[in-house]
Amino acid sequence: MSDNLSPNSNSEPAWNRYSMPLADVAVVAEGGGQRGIFTAGVLDGFLSQQFNPFQIGLGVSAGAQNLLSFFLGEQGYAKRAITELTAAPGFFVPYRWLGSRGVIDLDHYFETTLNNPEYRLPYQRLSSIQKHRQLRFVATNRDTLVPVYLNPNRQNVVHYLKASSAVPFLYKAPVEVQQQLLVDGGIADPLPVHKAIAMGAKNIVVVRTVGAQVMHSSWRQRIDALPVRRAVPGIIRKMVNVHDKAYTDALHTIHSPPEGVSIMQIAPEQSLRSHAFGSKSESIVYDYEVGFNSGTLAVDNIQQWLSQQNRSNLRKLSEPEIASMST
């Protein structure tokens, strides 16, 4: 079963039952650079209603950053990080194409989140959160182009975020983690629904940064927008091929989940005004509001959806008992 959301506000407040993690329930957050502001809005909409039933969280690139602040309960943080830090002079500079710093300056971005009190998250709370929830960041092994799922703690969380976000050709170098050279997770697993299922998820909410029916991901659109595309190295073309297959496979699973798995998408109904990078401030703010409204409306729908799945599972459990009684 695969569902898309439609507003419904007739059910009871979701936080009465869904503020604590529920087994088999997962959230997947797609990457997309500054388009992640839509996801920031969706997750802030959840937090505004004390809604977090997700026992499993899988985030890719900007999606990983969004899920971190969400699981930490820091409403508004991701919005500030995107609207202020990624829009700051020096973060995205296209003319640094051939320079040593790279087009995007992830180093300064993450150093700010560590050293500036205004942007520092309570990373020390990760240990207690990971006792009850499973948060994973998706990266890609640069040499094998297979996905790597990183389990963050207070010591490595920022380093792991950088690994998940290291866009090839835009960031200067891969990030080394446990003797692996890692780059953007959107290459190998842009929509990690298969990993969520492998981790035991039966009910999965996927937060997108492109429309639910869009066939080209934000990551592919970033690569297509690169300057001098004709001169793109062979490794980038290979990455694109790996990405396209992973993205297509994930979309197939989202629209036709395996038996016993239900997937719901929250996606922008119209194209976001933001770009992956270099967006106008007013576009970022607008897309955040769109996301926040979508998340707020989604809370009751997800609650109702989870209740339906629970009733369905109870019926399936009782059927063998009824059958045995009748024999």
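The values are calculated or read from the model by the stated rules, or taken from the named source; none is laboratory data. Bear in mind that the values here come from a model prediction, so they are computed numbers and not experimental data. FYI the Cβ positions are ideal-geometry reconstructions off the backbone, even for glycines, and counts take in every protein chain you see. All accessible areas refer to the heavy atoms of the entire protein, side chains included, with ligands and DNA or RNA removed. Shrake-Rupley method; radii C 1.70, N 1.55, O 1.52, S 1.80 Å.
May I ask you to verify whether Pro233 is open to solvent by 20 Å² or more (accessible area, probe 1.4 Å), modelled with pLDDT of 95 or more and over 25 Å from Gly36 (Cβ atoms)? Please lay out each step first, then the result.
On the way: open to solvent by 20 Å² or more (accessible area, probe 1.4 Å): yes; modelled with pLDDT of 95 or more: no; over 25 Å from Gly36 (Cβ atoms): yes.
When the stated conditions are applied, Pro233 does not pass them.
Residue-by-condition table, conditions (1) among the hydrophobic types (A, V, I, L, M, F, W, C); (2) at pLDDT 95 or above:
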| position | (1), (2) |
| --- | --- |
| Asp3 | no, no |
| Ser9 | no, no |
| Arg17 | no, no |
| Gly32 | no, no |
| Gln75 | no, yes |
| Ala78 | yes, yes |
| Phe92 | yes, no |
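Could you please find all residues in region 45-62 being in a helix (DSSP H, G or I), farther than 22 Å from Thr113 by Cβ and either modelled with pLDDT under 95 or open to solvent by 10 Å² or more (accessible area, probe 1.4 Å) (or both)? Lay out the reasoning, then the answer.
Taking region 45-62 and keeping what is in a helix (DSSP H, G or I), we get 45-48, 62.
Restricting the remaining residues to those that are farther than 22 Å from Thr113 by Cβ gives 45, 48.
Ser48 - this is the single residue of region 45-62 that is in a helix (DSSP H, G or I), farther than 22 Å from Thr113 by Cβ and either modelled with pLDDT under 95 or open to solvent by 10 Å² or more (accessible area, probe 1.4 Å) (or both).
Yes or no: region 187-194 includes at least one residue that is open to solvent by less than 10 Å² (accessible area, probe 1.4 Å) and without any contact (Cβ under 8 Å) to a residue 40 or more places away in the chain.
Checked against the condition, which is being open to solvent by less than 10 Å² (accessible area, probe 1.4 Å) and without any contact (Cβ under 8 Å) to a residue 40 or more places away in the chain, region 187-194 yields no hits at all.
Can you go through Ser164, Ser69 and tell me which one is more than 20 Å from Val177 (Cα to Cα) and at pLDDT 95 or above? Outline the logic, then answer.
Working: Ser164 fails: more than 20 Å from Val177 (Cα to Cα).
Every option except Ser69 fails the conditions.
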